[in-house]
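Asks: Handing you this structure, nothing more for now.
Nothing in this text is a laboratory measurement; each read-out follows from the coordinates by a stated rule. Keep in mind that what you see is a predicted model, and the values were worked out from it rather than measured. A quick note on method: Cβ atoms are made from the backbone with ideal geometry, for glycine too, and the neighbour counts reach across all protein chains shown.
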Amino acid sequence: MYLMLIPGIVLLIIFKYIPIYGLVIGFKDYSFTRGILGSEWVGLYYFDRAFSDVFFLRALRNTFVISGLKLFVGFPIPIVLALLLNEVYHQGIKRTFQTITYFPYFISWVVLSGLFLRIFAPGGPVNYIRAMFGAEDQLLFFAIPEYFLAIVVGTDIWRRMGYAAVIYLAALASIDPQLYEAANIDGAGRIRQSLHITIPSLLPVASILLILNMGFILNAGFDQIFNMFNPLVLDVGEIIDTYVYKKGIVEFNYSYGAAIGFFKSVVGLVLIFLTNRIAVLFGGRDSSLW
């Protein structure tokens, strides 16, 4: 069992711990010729530059909006899906629906973005349905900020809900069947059993997942946004990751990008500690990471 952990630990060290040293370039005027150690120390210059940049502040606002909508709108949906699947007694039907909802998670955003661009394009299925109901105009949904935001949030929730529901289904499978038998003897129906047994049993798992997700609140989904993004929705679609890509990679300003990445990590760490503390206060240690 411990030997099986070795590949995961090695990958974690190589791709997560060793690169931490590179964060120091966020405090230096980094250049290839001088290297990390030889580059001039500039302290908090790039942090001050970021927070005085209106474009970064716009990207920060958009990131919070998109991530917040994905988290708080999408968080209950896998729980509801797991509860519904748990009520299906026919195993063939249950596995079929579970596979259908689980499969999109394994399709890359490059493929899905191209698919949705076709679906919502002028002349596509959505505009065709609109025309059937009397609409005369053909909308370019990805060019309208309000629709773009709704599509981004909705497609992400649709892609992840089946995968997230698996965790809750595993938690449901661990509930002692004797609890349901006792409730059934006492005259409790399926709704009361769900309210008093199923949902309370899921709350600790849901709390832990919420704590972990709060650490990624500033990760609004680079792959998805990068493939769906266009200049017409810049005001609502530019997020921190696409901003860092543009400034740090395209414009070769690595120190600036590293400083913003360090800021993201600090915010995520603080939110995890705060959310965990709130979970301890309201749900006890069983609902927290530590």
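Asks: With labels modelled as points extended 7 Å from the Cα through the Cβ direction, what inter-label distance (nm, one decimal) is found for residue 64 paired with residue 117?
Replies: In this crude spin-label approximation the distance works out to 3.1 nm.
Asks: Any chance you could give the angle, 0 to 90 degrees and rounded to 10, that helix 91-102 forms with the longest Cα principal axis of the chain?
Replies: Rounded to the nearest ten degrees, it is 20.
Asks: Once phi is turned into θ = phi - 60°, what whole-Hz ³J(HN,Hα) does the Karplus curve with 6.51, -1.76 and 1.60 give for every residue of segment 257-270, x standing for Gly and Pro?
Replies: x, 5, 5, 5, x, 5, 4, 4, 5, 5, 4, x, 5, 4
Asks: Calculate one ³J(HN,Hα) per residue across segment 241-247 by plugging θ = phi - 60° into the Karplus curve 6.51 cos²θ - 1.76 cosθ + 1.60, and present them in order as whole Hz with x for glycine and proline.
Replies: Whole-Hz 3J(HN,Hα) from phi for segment 241-247: 5, 6, 5, 5, 4, 5, 7.
Asks: Pick out which of 81, 117, 37 has the largest mean-square fluctuation in a Gaussian network model of the chain, springs linking Cα atoms closer than 10 Å.
Replies: Of 81, 117, 37, the most mobile in the Gaussian network model is 37.
Asks: Right, next: Sort 156, 235, 53, 223 so the one with the fewest other Cβ atoms within 10 Å of its own Cβ comes first.
Replies: Starting with the residue having the fewest Cβ neighbours, the order is 235, 223, 53, 156.
Asks: Where nothing but the Cβ of Lys and Arg (+1) and of Asp and Glu (-1) is charged, how large is the charge dipole of segment 150-290 around its Cα centre, in debye to the nearest 20?
Replies: It works out to roughly 120 debye.
Asks: Okay, next question. Provide the FRET efficiency to the nearest 0.05 for the residue 72-residue 15 pair, computing r from the beta carbons and using R0 = 35 Å.
Replies: For R0 = 35 Å, the calculated efficiency reads 0.75.
Asks: Once the piece of chain linking residue 209 and residue 246 is laid out straight, how much longer is it, given 0.36 nm per residue of separation minus the C-alpha distance between them?
Replies: 10.2 nm
Asks: So, one more: Hey, if you drop one equal point scatterer on each alpha-carbon of segment 45-151 and run the Debye formula without solvent, what base-10 log of I(q)/I(0) do you get at q = 0.15, 0.19, 0.21 Å⁻¹?
Replies: Summing over Cα pairs of segment 45-151 leads to -0.97, -1.12, -1.15.
Asks: Got a sec? How would 33, 96 order by Cβ neighbour count within 10 Å, fewest to most?
Replies: Ascending Cβ contact count within 10 Å gives the list 33, 96.
Asks: Once you place label points 7 Å from the Cα toward the Cβ at residue 135 and residue 180, how far apart are they in nm?
Replies: Simple spin-label model gives 4.2 nm for this pair.
Asks: Relative to the longest principal axis of the C-alpha atoms of the chain, give the angle of the C-alpha long axis of helix 109-119, reported between 0 and 90° and rounded to the nearest 10°.
Replies: Around 70 degrees separate the two axes.
Asks: Next up: Which one, 32, 72, 273, has the greatest fluctuation when you compute a Gaussian network model over the chain with C-alpha springs under 10 angstrom?
Replies: 32
Asks: Between rounded, prolate and oblate, where does segment 54-287 land on the alpha carbon gyration tensor, with a ≥ b ≥ c its root eigenvalues, rounded for a/c under 1.5, else prolate if a/b exceeds b/c?
Replies: Taking the square roots of the gyration eigenvalues as a ≥ b ≥ c, segment 54-287 is oblate.
Asks: Would you mind ranking 249, 278 by Cβ crowding within 10 Å, fewest neighbours first?
Replies: The most exposed by this proxy come first: 249, 278.
Asks: Output the relative contact order of the chain, whole-number percent, from Cα pairs under 8 angstrom with separation of 6+ residues.
Replies: Normalised by residue count, the contact order of the chain is 28 percent.
Asks: What does the charge count near residue 26 come to, summing +1 for each Lys or Arg and -1 for each Asp or Glu among other residues with Cβ under 14 Å from its Cβ?
Replies: +1
Asks: Given the options 20, 79, 151, state which has the largest fluctuation in a GNM of the chain using a 10 Å cut-off (strictly under) for Cα springs.
Replies: The residue that fluctuates most here is 20.
Asks: Can you give the angle from 0 to 90° between the axis of helix 145-173 and the longest principal axis of the chain, with both taken from C-alpha atoms, to the nearest 10?
Replies: 50
Asks: If you don't mind, another one. What distance in nm separates the two pseudo spin-label positions at residue 128 and residue 226, each 7 Å out from Cα along the beta-carbon direction?
Replies: Here the answer is 3.2 nm between the modelled labels.
Asks: Just how large is the dipole of segment 54-287 about the Cα centre, in debye to the nearest 20, putting +1 at every Lys and Arg Cβ and -1 at every Asp and Glu Cβ?
Replies: 220
Asks: Add -39500 (n - 2.57) for each DSSP H run of 4 or more in the chain, then divide by its residues: what number comes out at 222 nm, to the nearest 500 deg cm²/dmol?
Replies: For the chain, the value works out to -20000 deg cm²/dmol.
Asks: Non-local amide H neighbours of residue 28 (under 5 Å, H modeled in plane, Pro and chain starts lacking H): which ones?
Replies: Hits under the 5 Å cutoff: 42.
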